[in-house]
Amino acid sequence: MEKQTISRDELHKIPHDLLVDMFLQLNSSLTIMQQQNETLIKQVSSLQESIAVLTQQRFGRKTEKLSEMPGQLSLAFDSSDAVNEAEVRTDDGILEEPEIQTVVTRLKAKTKGKREADLAGIETIVEPAITIPEEQLTELFPRGYHQLPYEVYKDLEYQPAMFVVHEHHIAVYAGNGDTGVVRADRPDRLLKNSILTTSLAAGIFEEKYVNHSPYNRIEASFKCKDANIARQNMAGWMITIYDRYLRPLGREFHKELLKSKLIHCDETPFKMPDNGRGPNSKEYMWVYHTCERYDSPPIFIYDYQQTRKAENPRNFLDRYKGILMTDGYQVYHTLAEERPDELKVAGCWAHAKHKFTEIVKSVGAKTSNGIIADKANRRISAIYHVDNMYKESSLEERLDNRKNSVKPLVDEYFAWLKTLQGSPEIDQSSKTAKAINYSINQEPYLRLFLTNAIIPLDNNDAERSIRTFCVGKKNWQIIDSKQGAEASAMLYSIAETAKANGLKPYEYFQYILLGSDAAASG
């Protein structure tokens, strides 16, 4: 169809009222198109942001630090170097950044006595002194000599693991006539009719639950040392040991953990093919732990559950009265609402910060959303910095600092976010809007640390704890059965609790089994 145009003369012939109507209709259409265009631009920007974040998560660096960006503060949560003592807080609650200076890297001086400290826990064998024969000394020193102090040096020998078969002979006696047969007393055995010893069980435990090696790799490693032990046998041994000896220890761990003033908590999914609920369903490993800071010995408890529902922590923390340090998962908040006088939930600033960090890492600090995310990052860095200044102080001094110096920064952070929430300048489907809403929704829990000096700013301790299970999970991919998951939970609990208390996991596991075996046989 041929395009038609209207000449000026033809326009003059159109009635005035009709021209006004046409103009108003055209203006209305342009306004609608402009609004649609602005919406599309926001949606495209939001999609670009989401793609950049996903790309960063899949292929980018995992560190939270943004120090490679000129003029940015370090985002290391526990670092006291994020800002220095000379900085002052500006009116918007962000610490002033120092001028960029050239950093000169110097080689670190060797620490005196480091080698002795590194070898302190290893048995030392003093070898026979290396001397010079008497006749040679007489020839070298015709006028006589005297011996100076020995020159001493150390080296470290590695002795690979080895297997030794112990063959036991039990005397058997029969009386003359039909008086029966008598056998000498056998030594107690860990499992009846099994070659398993406490040392072998401890070795498998260390490889699997401390060094994160799957059973097939342990089987291959043992075979290289001429010990042919099937992985199925190892898995069966560990499950049987758990059922027979370790359940009471788990109850004692649980009882002691509930005495703590504060408990860290986190959870992670894993796969189990034989769960009766379909191949794509998820199982969950929960971790609860505490440490000396909360008037409790370091205790780690891994708890296997089939779901991520509230009933799991509700049952585990049934008798607990104190503070639960968690991420923003609603299940924990539900528990606090059910028992407001007994259980308090503290929110994790690291999770709030991470949502802004990944935006800055993905889209930079110069886009409109990147600028907002960068400001949020620096505000949270300021909160960490001012709080960490009193990290080693008494609880009274730390609480006083939080009330007088940290609280104003927290107030300004949330006040600033609330001016941005729902802003027409920010697409509400974007990662930036979601990060803003997350902090605001978590505000009551994120503020709780201001009321109690023992509450940390984040749940990083639990994140590190669950990471131990995740490292193993990446190696072995799946747990085959419910019994295996329950046993693994207890064995991980023993491994992490031993390490946290400065114990050697191999020796500690042997100690547990020897004590349990004696108790069982007694």
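Laboratory data are not the source of any read-out in this text; all were calculated from the coordinates shown. What you are looking at is a predicted structure, and each value in this text was computed from that prediction instead of being measured. Positions of Cβ are backbone-derived with ideal geometry, glycine not excepted, and every protein chain shown enters the neighbour counts.
Taking the Cβ-Cβ separation of GLU157 and ILE195 as r and a Förster radius of 35 Å, what is the calculated FRET efficiency to the nearest 0.05? Intermediate results must be reported in sequence, preceding the final value.
Values: r = 29 Å, r/R0 = 0.83.
Rounded to the nearest 0.05, the efficiency is 0.75.
Taking a threshold of 25 Å on the Cα-Cα distance, which of the pairs LYS192/LYS499; LYS208/LYS499; LYS261/LYS355; LYS344/LYS482 fall above it? If you can, show how the numbers build up before the last one.
On the way: LYS192/LYS499 30 Å; LYS208/LYS499 15 Å; LYS261/LYS355 29 Å; LYS344/LYS482 32 Å.
Flagged as over cut-off: LYS192/LYS499; LYS261/LYS355; LYS344/LYS482.
Kindly state, to the nearest 0.05, the FRET efficiency for LYS271 paired with LYS504, given R0 = 30 Å and r defined as their beta-carbon distance. Provide the component values of the computation, followed by the final result.
On the way: r = 32 Å, r/R0 = 1.06.
Working from the Cβ atoms, E equals 0.40.
Taking the Cα centroid of the range 228-257 and of the range 148-184, what is the distance between the two, rounded to the nearest whole Å?
Rounded to whole Å, the Cα centres lie 26 Å apart.
Arranged from highest to lowest average of other beta-carbon atoms within 10 Å per residue, in what order do the peptides 371-379, 301-309 appear?
Those peptides, ordered most packed to least, come out 371-379, 301-309.
If I model the range 254-465 as equal point scatterers sitting on the Cα atoms and use the Debye formula, what is log10 I(q)/I(0) at q = 0.14, 0.15, 0.16, 0.18 Å⁻¹?
The Cα Debye sum returns log10 ratios of -0.93, -1.04, -1.13, -1.29.
What nm value, rounded to one decimal, do you get for the distance between ALA129 and ILE14 when each label is placed 7 Å out toward the C-beta?
In this crude label model, ALA129 to ILE14 measures out at 11.6 nm.
What ranking do 266-273, 428-435 get when scored by the average of other Cβ atoms within 10 Å per residue, highest first? Spell out each step's value before the answer.
Working: 266-273: 17.2, 428-435: 19.4.
The most tightly packed comes first, giving 428-435, 266-273.
Sort the following peptides by mean Cβ neighbour count (other Cβ atoms within 10 Å, averaged over residues), highest first: 190-203, 15-28, 123-136. Could the numbers behind the result be given before it?
Working: 190-203: 16.0, 15-28: 9.8, 123-136: 7.5.
In descending order of packing, they fall as 190-203, 15-28, 123-136.
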